[in-house]
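Enquirer: Submitted below is the structure of interest, expressed as structure tokens.
The values are calculated or read from the model by the stated rules, or taken from the named source; none is laboratory data. What you see is a predicted model, and the numbers here were worked out from it, not measured in a lab. In this analysis, Cβ positions are derived from the backbone assuming ideal geometry, glycine residues included, and neighbour counts consider all displayed protein chains.
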Amino acid sequence: MDIIVCMKWTPDTSEADLTVDKEGKDIRKDDLDFDMNDWDRFAIEEAVQLKEKVGGKVTAVAVAPEDAEGMLRECLARGADEAYQLWDDAFEGSDGYAVAAILAKFIKDRPHDLVLTGTLADDDCGGQIGGMVAAMLDIPGSTLVSKIQISDGKLTCHRELEGGLYESIEMDLPAVLSVATGLNEPRFVSVRAVRKVAALEIPTLELGDLGLEASAVGSDGSRIRIELMELPPEGEGAEIITGKAEEAAAKLAEILKEKGGIGS
Amino acid sequence: MKEIFVLAEHRKQQLRDTTWEALAAGRKLAEDLGAELTCLLLGSNVDAMADALAKEAPRVLVVEDPRLEPFHPDACMQTLKAILADRGPFMLVMGNSNALLDLAPGLSVTLDAALATDCFKFEVRDGKPLAWRQMYSYKVNTLVSFKDAERIVATLRGGAFAFTPSGAAVATVEKVASPLGGTTFRRRFVGYVEAEKGDVDVASADIIVSVGRGIGDEPDMEMFESLAEAMGGVLACSRPIVDKNLLPKYHQVGTSGVEVKPKVYLALGISGAFQHVGGIKGSPLLVAVNKDPRAPIFRVAQYGIVADLNQVVPALTDKIKQLKG
Amino acid sequence: MTIQEPANVALAGIPAPGLAFVILVAALCLFAYIMNRRIDLLRKAMPDPRFDDIGERIRLALVYGFGQWKQPRYLVGGIIHILLFAGFMILSLRSLTLIGRGFSAEFNLPGLTGSVGMAYEVLKDYAVLMVLVVCIVAIIRRAVFKPARYAHAPGQGHEAEAYVILGMVSALMLTDMIYDGSHLAATGHTDAGLLPAATVASLFMAGSSPAALNALHIGGYWAHILIFFGFLNYLPMSKHFHVITAIPNVFFANVDKGRIKPVRHGVDEWMDLDECGITRFESFTWKHVLDFYSCADCGRCTDNCPANAVGRSLSPRMISIKARDYAYKYYPVFGTAPDPGDIKFVGDVITESEIWACTTCGACENECPILIEYIDKIVDMRRYLVDQGQVPQSLQKPMQAIKKKGNAYGGAKGKRAAWTKELDGIEVKELKAGDATDLLFFVDSCGSFDPRIQELSRSLARILAKSSTDFGILGQDETDSGNEIRRLGEEGLFEQLAQKNIAAFQDRQFKEIVAFDPHAFNAIKNDYPERFPIVHASQVIDRLIKAGRIRLSSDYLAGRVVTYHDPCYLGRHNQIYYEPRQVIQAVPGVRFRDMERSFDRSFCCSGGGVMLWYESEEEKERMGERRVRMAEQIGAQVIVTGCPFCLINLEDAVKTTGNEGKIEVIDLVELVDRSLV
């Protein structure tokens, strides 16, 4: 089975103090550490585990600049058979749609029974790549997949709905699955494991190699544009709700309701 | 924008809250853009839901087909593609729910539309809509434009758009024949799988009520469970609670437990050790209730109450039930 | 009445010397064969150069082997063992003599003739009686009193072997007594004072016919000889192999305390090896296999293992027992080895939860009477798991963070010195390459990023400033010491970290390095391939107090009862026990009490460094809680420790044991900082 895993190289923003850059259209990234998108870590692990079970080949691919080579090498260390870096200066400024178009073009040109990726990336929090790639390839897709079973060319998976409810679905292959975190336990990658794959080549494919037009990628090929970025106002610690327990509780209930803290 | 479409989301013959929130967002957008508002309801045997929507939306468009029930993203996509084929310019809004996450991105490609997911606010400039969403671990607010797109799909952050029922509209419910014909799909719904009660998935919960050491040695766990239930969330905890066998391990939030990315995190009796707080990712609305005013959790929470949990929690549960009606 | 000597009586028509010869040759051949098979596995195992430092090794053999130095740490068992061991030493000559007497009735060992021989006869006879009595006591102790540490999970024990051995030894003594007693009974030369064992035996034979006495004499002799050779050949087949291997095991013990073994001895480019860690049984070093052979299942290691005490599945002795069982089964003396099939030594025989449960506190190794090593084996097994990517999720995150950011806390490199900003009026020098200072303060990740431990960094800075010590830090050129990374089996990462710190050290001039975290102290002192002078904060403070450069007041402790918790990496691994106590004693009028488990028997708080992140699903209680209860027992109001991780674990445990407000946990540097005059 040929499995292609779409990886993303993202800045680790979860713990960092962020500031918006001068143009006000992005954050300052010079101080940030970049790493494999956490969700994608589960995708590559699932791909390797599936390969270990049913055999086949795992290909990791990322639309990312040079710096991301380490991430792709880590994919090889995790058990991927080959890795490709898709980058061209023209790709700069691509939105989710343009990235999906690049990935779809790459996938279309090679055998693929299953395409895996993480449901969400921590940088743009879009959750759109998997679904878009599936539509572009005209194959079925699903997101938030928490369990994957493959037998006789048929794919069965569970996906998370809200509140402990799951949906069980079947799909024909090929398909695109965007996985949820926690569907497996990603393996550890030691320094030695990376050393072992140090000699493997990670080809970089550029615009022409992929047969793409410049107008289809980058900001020209994007459908949305970032106009402004700002940090939400940050309070100095908690606003303490005063009053007797009942009063405070009542005030808190209002706040929760207002902020979406009361679900179904 | 000529038209605003709102896609109704339903499960097991019940409209979901996302529908009303999308309707609220749609109303505002229609008003600001001077566009017509239409609610789209796709399913099978949806009369009751159509009636409910007709009280709130100026137009309701219904497509019925057994293949649209239960929710099937590919069937929805085909249907929407057919009924929206000649429309435009338009903007289609829907909830950013887990179910619709299987629809919106593919749909945007199918409709050749621009997509913005998880929007929490819209604004209009020069007659064009712009969307506010969050990036970078949900820590940065970002305003995005749709360039010159004539078709836009946007999904909405849960809880961001408050719906106020007007009940005034009496819309006509327009039924459109299903365009699906003999289409078969490469994806098949098998069934719902209810996680066992013990299987509560804290990691993917949007609303978390989390309890810590401060709940005491012999806590009334039912009290906390009913609060979580009232809030529509799940109960989680810090390590001492697991140690005392009050909750199983998979409820434990923390760097050593489960990492969570909720929208709302209510910390009850949690001191706020880094091992715990480190497991809370994203930027949820963090509310802390603790007896100790110096508890570090108050430093990271947006709201806090310094009080005895035994008094606050029942009062809060009652009040929330009241607000939900 | 005369009695016939065995050497002069043919049995079944075979002259006795012939029989003795056949038995001797057959038994020795069998023994040689068995030993060769056992040693064969040692030859297959990995290398380990243990022939260095012969002087120290002889000392170890004398002190811990022949001197039985660790035995009295468990008094009853220890005394029993020492008596048995002494008896064996004495009776070994007797056994040789008796073998000789199969060839000649007059045989005596050279030197054991005449009056010396007479004296030895007496000594040996007392030994026989003593050994017999001790065996009976030991049997009763096992069968009736059942010390808890001998207990095994069903199916895992080797209880029966203990009885077989005790029975055989008793039988050896009894046959010797029958042999000698029948002689006395026949000759009538009984003497209870000089030959108590033989005399006691003769009393039972009083009135027997000469023929019966003769039969007993000869029968006793041959029974003794057969049991002796049976015993000898049984040893390498049982858990009592230690009778043979214990002294060599002690001689070849690890003399590099605190240091972890390399991935493979003699191989620098270990990364290019096909295997890393214990991929198969033969990946253990020969010394580690010898350890397995040598374990006598006394249970002292497990009895002292903190992980075992709180319910984790780790039991050090079971590692030895299971490994020996594995060795005996798959490297059998007789017949062909069974196919292990899918059974993996690491993973199936020794489970992952056992392997990760270890805090590397060293209590097991420290307790073992014959110096069996565990930490290196655990680390080698972890190296295999790490190489396979099988690392618990709770540990992966901090390990990845160290790999990417040089600290487990995810803090930015540039913020390593941020803790210095909250020091009023004290400027901490951030040493650039080429700078010089007297004392290089190695802060490590915990002191740089953990808000609680940053307080210790500031305390030490204040103490050094107060004493006008010239000191500085590495700032962002510092990276994690790697102590735990190495112990978690991620050798490649450890090497990177060590090289980075070594380069930073080499770029600067200093007289000494100081660290308040014993883990960092240990790594730099023992693990780094380059040597640097390093001291622990307690040693520096002790010197400052002795030199009169700082003085302490009693204001902070205010008469509270103080105890000291020995951190594993300061105490057991580096033998620093006294300086911290001297510093505490420097507080005027201090009320100091040691806990029962102190010094080298200190009870681990559950591990430092990255181990802080490890969560065991098995434990029923936290180690720190146990420790706090021990402090509670002696009425301590203040627990002073010398390790930031002990501090964190114990502070947490004070809360969970309901001792908040009653017991304060404080690091030594904080105590000194707050008590400065």
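Enquirer: Tell me the helices (runs of 4 or more DSSP H) entirely within segment C:190-260 that contain at least 1 residues that are assigned by TED's automatic domain parsing to the domain that holds C:Leu91, farther than 23 Å from C:Met89 by Cβ and at pLDDT 95 or above.
Expert: The qualifying helices (runs of 4 or more DSSP H) are C:210-234.
Enquirer: Could you list, in sequence order, the residues of segment A:4-24 that are touching a residue at least 24 places away in the same chain (Cβ under 8 Å) and among the aliphatic types (A, V, I, L, M)?
Expert: If the condition is that a residue be touching a residue at least 24 places away in the same chain (Cβ under 8 Å) and among the aliphatic types (A, V, I, L, M), then A:Ile4, A:Val5, A:Met7, A:Leu18, A:Val20 are the ones that fit.
Enquirer: Right, something else. For segment B:295-325, name all the residues that are surrounded by fewer than 19 Cβ atoms within 10 Å (Cβ to Cβ), at the interface with another protein chain (Cβ under 7 Å from one of its Cβ atoms) and more than 21 Å from A:Gly260 (Cα to Cα).
Expert: Hits for segment B:295-325 are B:Arg299, B:Asp308, B:Gln311.
Enquirer: Another question, then. Which of the residues belonging to segment C:429-447 are under 30 Å from B:Val277 (Cβ atoms) and either within 14 Å of another protein chain (Cβ to nearest Cβ) or surrounded by fewer than 21 Cβ atoms within 10 Å (Cβ to Cβ) (or both)?
Expert: C:Glu430, C:Ser445, C:Cys446
Enquirer: Examine segment C:392-405 for a residue that is at pLDDT 95 or above, over 23 Å from the mean Cα position of the chain (by Cα) and over 18 Å from C:Asn483 (Cβ atoms), and state whether such a residue exists.
Expert: Within segment C:392-405, not a single residue is at pLDDT 95 or above, over 23 Å from the mean Cα position of the chain (by Cα) and over 18 Å from C:Asn483 (Cβ atoms).
Enquirer: Of everything in segment A:141-175 that's of a type in the set (S, T, N, Q) and within 21 Å of B:Ser108 (Cα to Cα), which residue is surrounded by the fewest Cβ atoms within 10 Å (Cβ to Cβ)?
Expert: A:Ser142
Enquirer: I need the full set of residues from segment C:293-335 which are acidic (Asp, Glu) and more than 17 Å from C:Phe603 (Cα to Cα), in order please.
Expert: Within segment C:293-335, C:Asp297, C:Asp325 qualify.
Enquirer: Working only within segment B:285-294, note down all residues that are in a loop (DSSP other than H, G, I, E, B) and within 9 Å of chain A (Cβ to nearest Cβ).
Expert: B:Pro293
Enquirer: Then there is this: Determine whether A:Gly141 is within 26 Å of B:Val193 (Cβ to Cβ), modelled with pLDDT of 95 or more and within 14 Å of chain B (Cβ to nearest Cβ).
Expert: yes
One line per residue, one yes/no per condition, for (1) at pLDDT 95 or above; (2) surrounded by 20 or more Cβ atoms within 10 Å (Cβ to Cβ); (3) in contact with a helix residue (DSSP H, G or I) (Cβ under 7 Å, 6 or more places away or on another chain):
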{"residue": "C:Leu544", "(1), (2), (3)": "yes, yes, no"}
{"residue": "C:Arg549", "(1), (2), (3)": "yes, no, no"}
{"residue": "C:Leu552", "(1), (2), (3)": "yes, yes, yes"}
{"residue": "C:Asp566", "(1), (2), (3)": "yes, yes, yes"}
{"residue": "C:Leu570", "(1), (2), (3)": "yes, yes, yes"}
{"residue": "C:Arg591", "(1), (2), (3)": "yes, no, no"}
{"residue": "C:Glu621", "(1), (2), (3)": "no, no, no"}
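Matching residues to (1) at pLDDT 75 or above; (2) among the hydroxyl-bearing types (Ser, Thr, Tyr); (3) outside any strand (DSSP E or B):
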{"position": "B:Glu218", "(1), (2), (3)": "no, no, yes"}
{"position": "B:Ser226", "(1), (2), (3)": "yes, yes, yes"}
{"position": "B:Tyr265", "(1), (2), (3)": "yes, yes, no"}
{"position": "B:Ile270", "(1), (2), (3)": "yes, no, yes"}
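Enquirer: Still on this structure, I have one more. Exactly one condition in (1) within 11 Å of another protein chain (Cβ to nearest Cβ); (2) within 28 Å of B:Gly325 (Cα to Cα) is not met by B:Ile152; state its number.
Expert: (2)
Enquirer: Another one. Just give me the residues in segment C:566-621 being more than 21 Å from C:Glu651 (Cα to Cα) and among the polar types (S, T, N, Q), in sequence order.
Expert: Correct list: C:Asn574, C:Gln575, C:Gln582, C:Gln585.
Enquirer: Still on this structure: Please find, within segment B:1-54, the residue that is farthest from B:Val170 (Cα to Cα) out of those that are surrounded by fewer than 16 Cβ atoms within 10 Å (Cβ to Cβ) and among the small types (Gly, Ala, Ser).
Expert: Ranking the candidates gives B:Ser44 first.
Enquirer: Any residue in segment C:641-653 that is over 22 Å from C:His573 (Cβ atoms) and free of Cβ contacts under 8 Å to residues at least 12 places away in the same chain?
Expert: no
Enquirer: Could you pull out the residue among C:Gly642, C:Gly661, C:Gly589 that is in contact with a Pro (Cβ under 6 Å, 6 or more places away or on another chain) and more than 28 Å from C:Ser313 (Cα to Cα)?
Expert: Testing whether each residue is in contact with a Pro (Cβ under 6 Å, 6 or more places away or on another chain) and more than 28 Å from C:Ser313 (Cα to Cα) leaves just C:Gly642.
Enquirer: Right, here's the next one. Return only the number of the condition from (1) in a loop (DSSP other than H, G, I, E, B); (2) closer than 20 Å to B:Ala24 by Cβ; (3) of a type in the set (Ser, Thr, Tyr); (4) at pLDDT 90 or above that B:Ser178 does not satisfy.
Expert: If we test B:Ser178 against (1) in a loop (DSSP other than H, G, I, E, B); (2) closer than 20 Å to B:Ala24 by Cβ; (3) of a type in the set (Ser, Thr, Tyr); (4) at pLDDT 90 or above, just (2) comes out false.
Enquirer: Let me ask something else. With respect to the numbered conditions (1) polar (S, T, N, Q); (2) in a loop (DSSP other than H, G, I, E, B); (3) in contact (Cβ under 8 Å) with a residue 24 or more places away in the chain, which one is the sole condition not fulfilled by C:Asn108?
Expert: Among (1) polar (S, T, N, Q); (2) in a loop (DSSP other than H, G, I, E, B); (3) in contact (Cβ under 8 Å) with a residue 24 or more places away in the chain, the lone unmet condition for C:Asn108 is (3).
Enquirer: Residues being within 14 Å of chain A (Cβ to nearest Cβ) and in a helix (DSSP H, G or I): count how many of those fall in segment B:77-98.
Expert: So the answer is 4.
Enquirer: Mind checking which residues of segment C:391-428 are facing chain A (nearest Cβ under 9 Å) and of a type in the set (A, V, I, L, M)?
Expert: The answer is C:Val391, C:Leu395, C:Met399, C:Ala412.
Enquirer: Please enumerate the residues belonging to segment A:170-185 that are touching a strand residue (DSSP E or B) at 6+ places or on another chain (Cβ under 6 Å) and either at pLDDT below 90 or within 7 Å of another protein chain (Cβ to nearest Cβ) (or both).
Expert: A:Glu170, A:Met171, A:Ala180, A:Leu183
Enquirer: Give me the helices (runs of 4 or more DSSP H) completely within segment C:461-565, filtered to those with at least 2 residues that are more than 28 Å from C:Arg593 (Cα to Cα) and assigned by TED's automatic domain parsing to the domain that holds C:Gly434, ordered by residue number.
Expert: Those helices (runs of 4 or more DSSP H) span C:483-487, C:491-506.
Enquirer: Go through the residues of segment B:144-156 one by one and say whether even a single one is free of Cβ contacts under 8 Å to residues at least 24 places away in the same chain and crowded, with 16+ Cβ neighbours inside 10 Å.
Expert: Yes, segment B:144-156 contains a residue that is free of Cβ contacts under 8 Å to residues at least 24 places away in the same chain and crowded, with 16+ Cβ neighbours inside 10 Å.
Enquirer: Can you name the number of the only condition in (1) within 8 Å of another protein chain (Cβ to nearest Cβ); (2) more than 21 Å from A:Gly221 (Cβ to Cβ); (3) under 16 Å from the mean Cα position of the chain (by Cα) that B:Asp74 fails?
Expert: (3)
Enquirer: Go through (1) of a type in the set (Gly, Ala, Ser); (2) more than 23 Å from A:Met229 (Cβ to Cβ); (3) in a helix (DSSP H, G or I) and name the single condition A:Ala68 misses.
Expert: Just one mismatch for A:Ala68, condition (2).
Enquirer: Another question about this same structure. Here is a check on your reading of the model: is C:Arg264 in a loop (DSSP other than H, G, I, E, B) and more than 28 Å from C:Ser606 (Cα to Cα)?
Expert: Considered against the rule, which asks whether it is in a loop (DSSP other than H, G, I, E, B) and more than 28 Å from C:Ser606 (Cα to Cα), C:Arg264 comes out as yes.
Enquirer: Could you grab me the full set of residues in segment B:99-112 that are in contact (Cβ under 8 Å) with a residue 24 or more places away in the chain and within 8 Å of chain A (Cβ to nearest Cβ)?
Expert: Once the filter is applied, which keeps residues that are in contact (Cβ under 8 Å) with a residue 24 or more places away in the chain and within 8 Å of chain A (Cβ to nearest Cβ), segment B:99-112 yields B:Ala99, B:Leu101, B:Asp102, B:Leu103, B:Ala104, B:Gly106, B:Leu107, B:Ser108, B:Thr110.
Enquirer: Go through (1) in contact (Cβ under 8 Å) with a residue 40 or more places away in the chain; (2) under 23 Å from A:Gly131 (Cα atoms); (3) more than 14 Å from chain A (Cβ to nearest Cβ); (4) not in a strand (DSSP E or B) and name the single condition B:Thr18 misses.
Expert: All conditions pass for B:Thr18, except number (3).
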